[in-house]
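Encoded as structure tokens, the structure appears first; notes follow it.
The values are calculated or read from the model by the stated rules, or taken from the named source; none is laboratory data. These numbers come from a predicted model, not from an experiment. When we count neighbours, we look across all protein chains shown, and the Cβ atoms used for this are built from the backbone with ideal geometry, even at glycine.
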Amino acid sequence: MRAVFLDFDSLGATDTDRSPLTRLLPDCEFFGATPSDQRAARIANAGIVFVNKVLLDRDTLLAAGQLRLICLAATGTDNVDLEAAKARGIAVTNICDYCTPSVVQHVFALLLTLNQRLADYRARVSRGDWSGGAQFCLMAPPVRELAGKTMGIVGLGTLGRAVAETARAFGLQVLAARQPYRLDDESHLYNVSRAGVPRIGFGALLARADYLSLHCPLTRETLDLINQAALARMRPDAILINTARGALVEPTALLAALKDGHLGGAGIDVLDTEPPPADHPLLQAQLPNLIVTPHMAWAAREARQRAIDELAANVAAFQSGETRNRVV
């Protein structure tokens, strides 16, 4: 069965081992990237297609007469028309829990960098403020301890639970938003999840959280979830972290809140369009309380290799008639 990987560079062509795939599919073709005008030709006679972010829409799938399996090199499925795949009898698999340690450490790298005001202190040291100071240390701007503060989590799946566990190690109280995520949900105690995290109303969580970390999928419900109204509910010294999906956060509203002092800081690893345009408002902003990283929270080398290993396990299961990680 012919197999193609449409965007292998998204997993790192130079520092990952593709042999788990080639052992199963010796003739698999690996393309670094696939422009939209080449998608149809590349999958025309393929039985298995590996894809990370390339769009496989209805027309593309209906024209792929030999296609039997789509292996997503990600957890999210929004780039594949699942209804069309189901109608055509094409199996679709994704991968889960392959990048959890990588994402968790990035969440706290962003949080701690902002909490400790490292950009400000680095700038002060570079200006000579420490060398010319009267005391042995600098203490402005002030920093705060995490212990005893509240970490709010939106989306308590695998990643959200792992962030919650790490937050507790810092002495943070952890709360999660219950669904549906409604600003008018002011309930302060709803239930305790299987992870032992109390769930409260989304509106109540925004008001209580010193740190808010997003881990929910992008859906109609969560599009622009963190908008002007949501940001107005948050504490003026709160820190927002988004390593989930860029379109969860409305960028102009976030920028206004940061500039106006209505939010303490934001660490953003994902944007609403990727790659983003050079004039994206969050890329143009030069603010010490804003960090933007290029969708790399998930991308530690070990995590990317686990992704390849998981893809191979999905193929092996499909070849054996099993339904491992099937979404369709």
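See the values below:
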quantity: Which numbered condition Asn52 misses (of (1) crowded, with 17+ Cβ neighbours inside 10 Å; (2) over 18 Å from the mean Cα position of the chain (by Cα); (3) on the phi < 0 side of the Ramachandran plot); calculated: (2)
quantity: Single match in Ala134, Ala109 (criterion: closer than 19 Å to Ala303 by Cα and surrounded by fewer than 21 Cβ atoms within 10 Å (Cβ to Cβ)); calculated: Ala109
quantity: Any hit, the stretch 70-93, residues being outside the structural domain of Phe202 (by TED's automatic domain parsing) and under 26 Å from Arg168 (Cα atoms); calculated: yes
quantity: Residue that is nearest to Arg306 (Cα to Cα) [pool: residues in the stretch 14-30 that are more than 24 Å from the chain's Cα centre (by Cα) and either surrounded by fewer than 16 Cβ atoms within 10 Å (Cβ to Cβ) or of a type in the set (Asp, Glu) (or both)]; calculated: Ser19
quantity: One residue from Leu146, Leu111 being of a type outside the set (Asp, Glu), in the same structural domain as Ala207 (by TED's automatic domain parsing) and not in a loop (DSSP other than H, G, I, E, B); calculated: Leu111
quantity: Residue tally, condition surrounded by 16 or more Cβ atoms within 10 Å (Cβ to Cβ) and among the small types (Gly, Ala, Ser), over the stretch 164-183; calculated: 4
quantity: Matching option when the condition is assigned to a loop (DSSP other than H, G, I, E, B), touching a strand residue (DSSP E or B) at 6+ places or on another chain (Cβ under 7 Å) and in contact (Cβ under 8 Å) with a residue 60 or more places away in the chain, among Val315, Val328; calculated: Val328
quantity: Subset tally (residues that are farther than 18 Å from Arg301 by Cβ, among the acidic types (Asp, Glu) and assigned to a loop (DSSP other than H, G, I, E, B)) for the stretch 1-30; calculated: 1
quantity: Those residues of the stretch 79-106 which are within 20 Å of Ala303 (Cβ to Cβ) and out of contact with any helix residue (DSSP H, G or I) (no Cβ under 6 Å at 6 or more places or on another chain), in sequence order; calculated: Asn79, Asn94, Cys96, Pro101, Gln105, His106
quantity: Pairs with Cβ under 7 Å, 6+ apart, first in the stretch 152-175 and in the same structural domain as Leu231 (by TED's automatic domain parsing), second of a type in the set (Ser, Thr, Tyr) and assigned to a helix (DSSP H, G or I); calculated: Thr158/Thr100; Leu159/Thr100; Ala162/Thr100
quantity: Cross-chain or 6+ apart pairs with Cβ under 7 Å, the stretch 282-308 first and closer than 24 Å to Arg117 by Cα and of a type in the set (Ser, Thr, Tyr), then modelled with pLDDT of 95 or more and buried (at least 19 other Cβ atoms within 10 Å of the Cβ); calculated: Thr293/Asp269
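Results for (1) of a type in the set (A, V, I, L, M, F, W, C); (2) more than 19 Å from Asn242 (Cα to Cα); (3) more than 27 Å from the chain's Cα centre (by Cα), shown as yes or no for each residue.
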| residue | (1), (2), (3) |
| --- | --- |
| Leu61 | yes, yes, no |
| Asn79 | no, yes, no |
| Thr100 | no, no, no |
| Thr113 | no, no, no |
| Arg117 | no, no, no |
| Asp129 | no, yes, yes |
| Gly155 | no, no, no |
| Thr158 | no, no, no |
